[in-house]
Structure formats: C-alpha cells, structure tokens
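Worksheet: one structure, shown below.
A short reminder: the numbers here are calculations on the coordinates, not readings from a lab. In this text the structure is predicted, and so the values were computed from the model without any measurement. No Cβ is skipped: glycine too gets one built from the backbone with ideal geometry, and neighbour counts run over all protein chains shown.
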Amino acid sequence: MVVEIIINSNVKDLNKIFDYNVPTNLEEDIKIGRRVFVPFGRMKSLQEGFIIGIKEKSDYEIKDIASIQKEDYIEEEKINLAKLMARKYFCNISDCIKLMLPPGTTTKNIENRIKDKSARFIYLLKTEDEINEDIENKVIKSEKQKRILKFLIDNEEVSSVDLETFTNTTSANIKTLEQKGYIEIIEKAVERNPFTNKNIKPTSNLELTDEQKKAFDEINNNIKNNKFGEFLIFGVTGAGKTEVYLQLIGEVLKKDKTSIMLVPEISLTPQMVDRFIARFGEEKIAVLHSKLSVGERYDQWKKIETGNVKIVIGARSAIFAPVKDLGLIIIDEEHDSSYKSDKNPRYNSKEIARYLAKQKNIPLVLGSATPDIISYFNAINNKTNLICLTKRANNSSLPTVEIIDLKEELVNGNRSMLSNKLYTAIEENLKVKKQTILFLNRRGYSTFVMCRDCGYTVKCNKCNVSMTYHVEQNRLKCHYCGYERRNVTICPECNSKNIRYFGTGTEKLEAEIHKIFPNASTIRMDVDTVTKKNSHEMILNKFRDENIDILVGTQMVVKGHHFPNVTLVGVIAADSSLFMDDYKSNERTFQILTQVAGRAGREGNNGNVIIQTYNPDNFAIECSKLQNYKMFYDEEIKFRKLLKYPPFCDIIKIEINDINKNQIVSTATQIYDNLVKQNENNIMEIYKPMPAPIDKIKNRYRWRIIIRCRFSNTIIDKVNDSIIDIKGVNTRITVDVNPNSMI
C-alpha cells in the first residue's frame, strides 16, 4: 500500500504530493486525513505530513512512513476542501489543513491534556518576523526551541503545561527561551470552561413581527426540505435579526442537526453567547475565538467533534469546526472585513460557508444593516434571496442624525475635540442619567509627534510610519509592528525642545472628557484596554451593569451591541477612513457610521447621533445621515462600474516583500514580466510593480502588483505559473484575491 503525503510546511517548494510506502503493521491504521511522521530528504528529524490519497503502487523508489497519529484526523471531505482552498487562495495545502485540526495539535505530542488549575502562562516578547529571521540566520538552532516559538506565534496565550504537551518539549527548553529574551512567563489561574461564572436567566421565543415572520418562514422552508439557498437579511439596526437567527436555529435543533453562527468581532461573541445560552442552555453551545486559551479552544473543539453540542458560535475560523450533521450556517454582520483573513491562507469565510452549504444542501444566511456591496449586488440580481426588515422590532424609531462641519467650529474659535452641539448633548444626557458612546477609530493619545522648528517626525525604526504617543505609559508605539521607545522630548535632528503632539486618539479623547466633565464616569475600549483575557466582556458588562456615563472606543464599540440606556452617540472624526488609498473607503465609512448610529435609541428612547466631519458634503456621510443604504448603493455601484471595481471585476494583489531593497525591485519586475508573457489573450489588466503605500513594515520593503480580471481557473494557472519559479533567500510573495485593503 502507498500513501500520498503533503508535508506540513509553509515552504512553497514543498507544496507537492510525495509517495510513501506503508509498512504492513501500519496498514490497518491508514486513513485519508490522518497525520503521519516520515523521513524527508536529508533532514535528521522526522517531518509531519498528512495523508491525502491512497493507492496500490508508486512509480518511484519510496521510503516507509515512520508512524501514524491516530487521534485528530481530518475527514476526507475536509481534505478536498483544503485542496480547493490552496488552489484558490494561492497557498500550501498544509496551511489549509491546519485550519481544520484541533487547536494546538499541529505538533508532535498530543497524548496528555491539562486539568483545571493555576498555571504558568507563556507570552512572546519578540515579533513573528524577528523570530523567523533568527531561525533563518541560525541564531536559534534547537528544533525544540523552534517548535515552541512557532507554536506561540499561532497561539496568543498558552500555559507552560499546554506548551510542553503540544510541542513535545520540556520546561528546560522554555526556561532557555526565557533567558534568551524570547518569552516571558506569568503565573495565573487556568479556566478551561469559557462559560464559567455566567449566570443567565432563561428566555423563550419572542413574538415575531410580520417582517420577521416572513423572513423566518422563507428560510425555514429550506431547512425543512434539506435544500441549499443563500439568503441576505437586509435589516435596519435593531430590526431583530438575532431573534430570527435564534428561532431558525431552534428549528434546526428539532431535526437534531447542528448550526454554525459566525460573528465578526471577539467583542461581539460574549453578548451573542449570552443570548444563545439564555435561549438554548449552556450544554448545547460551543464557542471558538482567539481570546480563549489554547486549552479552552481544544476542549470546545472536542465537544463539537464528538457531537455533544449543537450550536457553534465564533469568529471566522469557526467555519472549519468539525460539526456533525450541519443544518444551518449564519453569518452575522456579513459586511465586516474580519471575515476575510489577512494572513495565509487568505480565505474568505463567506466563500467557505457557501461551499459547505452547497455540499450539505442547507441554507446559508447572511445578515447586515449595511450589506457588503457585492452581497447586495448579488441579491438584487437574483443570485441571492433578498429579505428586507425595514422596521425596528420593538417599534422604536431610528435615531436622528446630525452632521457637524468642523471647519465652521474652527471659524467660531472652537478647537476642542467636541463641537458645541456634541458638548451640549453630552451635558444633557448626563443630567437625565442616559448613556453616551463616543466613537473615534484611532487609539493612543497623539497620532504623530513632530518638532515645530525643523519638521522632524518620529518614525518607527522598522516601518515607514509615524509612531503614536501613548500618554499612560509615556511611550511611543508603532501600530504596525509593535515596536516601542521612550517618548521624545528633545529633537534628535536640531536639539530643539519645541516638540508638539498632533492628531488625536481614544486615550486623548478620554482625557479631554475627564477635564470637561469631571463628574462623569467613563470607560475606554480599544486594543490597549482589551489585552487581558475576557477584558472585552468585562468592559461591556461594566458599561451596561454599572450604568457608566460615557463609553469611549474604536470600532469595537459600534458593531451589534445592544445597550438599552444609550441615547447619544458621538462620532468624533468621521473622515479617518475616507481618503485612504482604497476603493472601499467610501463603503467602509458609510458602514461604520450607520452601524455606530444604530447603537442609539434601541429600547423606545429617542436616539440622537452627532457626526463631526470636515467633509459634510461627502456622499457616504450624507447617506449615513439619512441612514439610507439604497441611496448609497445606487451611487457607489455607478462609481464601481465606471472604474471597473468589484463586483464588475476581481482584483488580485501580488505583494512582494524583502529585507533587500534592490532584490525586491528585481523580483517584482521578474514577476511582472512573467505575467505579461502569460497574458497573450489580454484577459488580465496588469499594472506595473510599484512600492506599496506603506513601503516598509517590520524592516521589510514592500512592493505590489495589481491585476484586474475575471477570476477563474485560467487566471489561477497564469498567476501560479508567473510566481512558481521565483526564489530568494529572504523574498516573500503573497497573492490576495479581492483584498480587504489595497495598502
């Protein structure tokens, strides 16, 4: 017996099938999807691989496989999905297979599991690129130390016991890495149950409105008949989409089938989980997202795999959960960019969900108040079933929205972060004990630091971007690579002390609120305040349960949250996403402004939204004031058609990065020349290679080639043929189809 093996490696040259002989004593354990360990090339240690095919004989002289890992194999249909993904998303098959394995089990030893107790937790002190460079330059030679570091790159929070178990290493290996400055060890409690300390009152089905009932009936018809259908629930904020989801899942449960519910943000997961536990009970639900410890994620995965739970809630990777008898997939806030991965494999979870729904003959439900332009285009062109919810479920009205021109505020002498109108509205809200959300999509205190005498701007040593000042730590931080340094008080160029701080972030906004409203209670939610485990949930619960007056935050605060006492939302700077080098900038601006407006007045109270901007005439801002998606879509789709942007074409971004500035130009030119040769029928519109808008991140120079085309198997072949032979010691090439960002 011969097996076809894919080696578990991100090296492009190893994205091939290798034949291995199966010794007689291992034949009965052979199964497609199982992990094996094999001798490979001149490597001294055995290499991990996955069985993706079985046949009688090989045309080559082949080696024997050494051992088989019986646990945690992948079903054959998932192997087929991994093959399709690798081709479509230009990555290695093993990268896709790893998405389908239990968390933490991509390394050698998975024999022992961890019991609940206090434990030492391990955290990285160096970045992924720094670690990879040290491995490439043989600064780190130990295979066990390499395994530990690679595992920590993939898992944010790992106990030392988990780490030793999942990497087949010892505490001595971990201690050595601590001494070398790669990791830190912190003692803390272990909780393997993500629902610990939840005390939630049960709820029952609510009476559906006429619109909700129509939506429910239409989708439920497909559930009853085991029929594929894609549905877009386009409902205003507060229209009761979640209640429709809950009742549909209830119907799937009656058939003893499983549902997957995807949400875009970790911050949304606790609130969604609470509603589901209240309706269905804790024992039926599993949750998967990156803020769970690796042990928690492993346990949740195993509950799903054994069929002990019937509802899976999680972020995009939950679409790969090993569910039994899948009956329904729901993607909430389907417009959100987080459903598209920004690292290899660069998959779109909506596309994976569509594939699975078709395979299983089940409905796929997308929901949003501000659908993705492509989703809505497909719906009105009858590729998707469109369901509209035009009214809020509890008869509350949509909030009133007012646009404030900040240019006029400056003319009138107001240079503060709050317009006079917003100041007055907050003051009134405080008097009547109502809550306020202030949204600013930039964290930190000041977005850049500059010398007023010579114009010197403090930039990151590793990235070609300005550093952001964080006043609480008195540190400058790079938001791209994480590099930090002490604050600058004397200009290194001219020795001037005339250093000034420009731009504003959430930290500065919170400080200003404290000055203006000293008696108001505030809480802040951004990347800097949610670093601890469960911090998302703690902040949101504190804001709701303790009736905190003002919540200051980035886009974490705007998506899907339901706070009954919030009647005022203030958008401090609506222009932050408008003028980026990206065709999606208007769409993102409209979506985020409409979503944040939807947080106000959700429980019968009149809601008020104040949007501050320097561009009040921008059509995305005008449409968000009217909360009129159709008006925005009609204008935006004309722009997309005129300039040949999606959905009228597909965009492929080929990014080349390298530590050598000269090498990257040579590589980019070679790829471009290859593409031009492949384009004999002019089926691609290929743009010459250029530096990326941010041309250096983490000490690596970045160039890009943009292609417009109609994506197809032919295009996949041509792009692959153009990059397949490109080699460089430090060259990295990534291909992204319809990327989230052009930057």
From the convex hull of the Cα coordinates of segment 2-99, what is the mean projected area in square nanometres? 6.3
What does the extension gain come out to for D274 and D721, with contour length at 0.36 nm per residue minus their alpha carbon separation? 156.0 nm
Three principal axis lengths of segment 210-389 [C-alpha, angstrom, descending]: 44, 38, 32
Quick check on packing: order 235-247, 164-176 by the mean number of other C-beta atoms within 10 Å, highest mean leading. 235-247, 164-176
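Nothing charged except the Cβ atoms of Lys and Arg (+1) and of Asp and Glu (-1): what's the magnitude of the dipole of the chain about its Cα centre? Round to the nearest 20 debye.
Details: 111 positive and 99 negative charges, 112 e Å.
Value, rounded to 20: 540 debye.
Rounded to the nearest 0.05, what FRET efficiency is calculated for N628 and K214 with R0 set to 25 Å and r the Cβ-Cβ distance?
Numbers: r = 22 Å, r/R0 = 0.89.
The computed FRET efficiency comes out at 0.65.
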Among G314, Q179, A379, which residue has its Cα furthest toward the positive end of the charge dipole of the chain, with +1 on Lys/Arg Cβ and -1 on Asp/Glu Cβ? Q179
When we measure straight from the Cα of K638, which aspartates and glutamates land under 14 angstrom away, once same-chain ones fewer than 8 places off are left out? E587
Could you give the size of the charge dipole of segment 650-737 about its Cα centre, using +1 on the Cβ of each K and R and -1 on the Cβ of each D and E, expressed in debye and rounded to the nearest 20? 400
Less than 24 Å apart at the alpha-carbon level, and either on another chain or at least 8 residues along: which lysines does that give for K407? K421, K508, K515, K625
Sort all Cα-Cα distances of segment 650-737 into consecutive 5 angstrom bins from zero, then give the percent of pairs in each bin up to the one containing the longest distance. 3, 15, 28, 25, 16, 9, 3, 0
Charges on Cβ only, +1 for Lys and Arg, -1 for Asp and Glu, centred on the Cα centroid of the chain; of L410, P564, N681, which one is farthest towards the dipole's positive end? L410
Inter-centroid distance (Cα atoms) of segment 239-290 relative to segment 691-717, Å: 37
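For the residues E334, E76, what sequence is obtained by ranking on other C-beta atoms within 10 Å, fewest first? List each step's numbers first, then the result.
On the way: E334 24, E76 14.
Ascending number of Cβ neighbours within 10 Å: E76, E334.
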About the Cα centre of segment 118-189, what is the dipole size in debye to 20, counting +1 per Lys and Arg Cβ and -1 per Asp and Glu Cβ, all else neutral? 380
Structure shown: which of K88/K462; K88/K138; K16/K150; K254/K291; K180/K303 lie over 29 Å apart, alpha-carbon to alpha-carbon? K88/K462; K88/K138; K254/K291; K180/K303
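Multiplying the sequence separation of N681 and Y355 by 0.36 nm and subtracting their Cα-Cα distance, what value in nm do you get? If you can, show how the numbers build up before the last one.
Numbers: separation 326, 0.36 × 326 = 117.36 nm, distance 3.02 nm.
In short, 114.3 nm is gained.
In the P(r) worked out for segment 601-719, what percent of Cα pairs fall beyond 20 Å?
Numbers: 4385 of 7021 pairs.
Cα-Cα pairs in segment 601-719 separated by more than 20 Å: 62 percent.
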Cα extents of segment 474-542 along the three principal axes, largest first, in whole Å? 49, 32, 15
Among [x] 209; [y] 181; [z] 161, the entry derived from the coordinates for volume of the Cα convex hull per residue in Å³: [y]
Would you list which aspartates and glutamates come within 18 Å of K284, measuring only between C-alpha atoms, while excluding same-chain residues fewer than 8 positions from it? E243, E251, D256, D274, E296, D299, E305, D325
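Which helices, counted as full DSSP H runs in the chain, have an axial Cα extent of no less than 24 Å and a Kyte-Doolittle average of -1.0 or above? It would help to have the intermediate numbers written out before the result.
Working: long enough: 661-678 (26 Å, -0.52).
Those that pass (Cα extent of 24 Å or more, hydropathy at least -1.0) are 661-678.
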Signed unit charges on C-beta, dipole axis of the chain, positive-most listed residue N137, M261, S666: N137
Which FRET efficiency value, to the nearest 0.05, do you get for N394 and K343 by plugging their Cβ-Cβ distance into 1/(1 + (r/R0)^6) with R0 = 51 Å? 0.80
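Computed over the Cα atoms of segment 336-433, what is the ratio Rg over Rh, Rh following Kirkwood?
Numbers: Rg = 21.6 Å, Rh = 18.5 Å.
That ratio is 1.17, to two decimals.
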log10 I(q)/I(0), Debye, Cα-only segment 271-348, no solvent, q = 0.11, 0.26, 0.28 Å⁻¹? -0.29, -1.42, -1.47
Tell me which cysteines of the chain come out unpaired when the rule is another cysteine's Cβ under 4.7 Å. C91, C96, C388, C481, C623, C649, C709
Once you put a point 7 Å from the Cα of T24 and another 7 Å from the Cα of R485, both along the Cβ direction, what distance in nm separates them? 6.8
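Sort V676, V566, V609 so that the residue with the fewest other Cβ atoms within 10 Å of its own Cβ comes first and the one with the most comes last.
Working: V676 13, V566 25, V609 29.
Ranked by crowding around the Cβ, least crowded first: V676, V566, V609.
How much length is gained on full extension from T424 to N519, taking 0.36 nm per residue of separation minus their Cα-Cα distance? List each step's numbers first, then the result.
Numbers: separation 95, 0.36 × 95 = 34.20 nm, distance 1.54 nm.
Gain on extension, T424 to N519, equals 32.7 nm.
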What distance in nm separates the two pseudo spin-label positions at S585 and Y123, each 7 Å out from Cα along the beta-carbon direction? 3.5
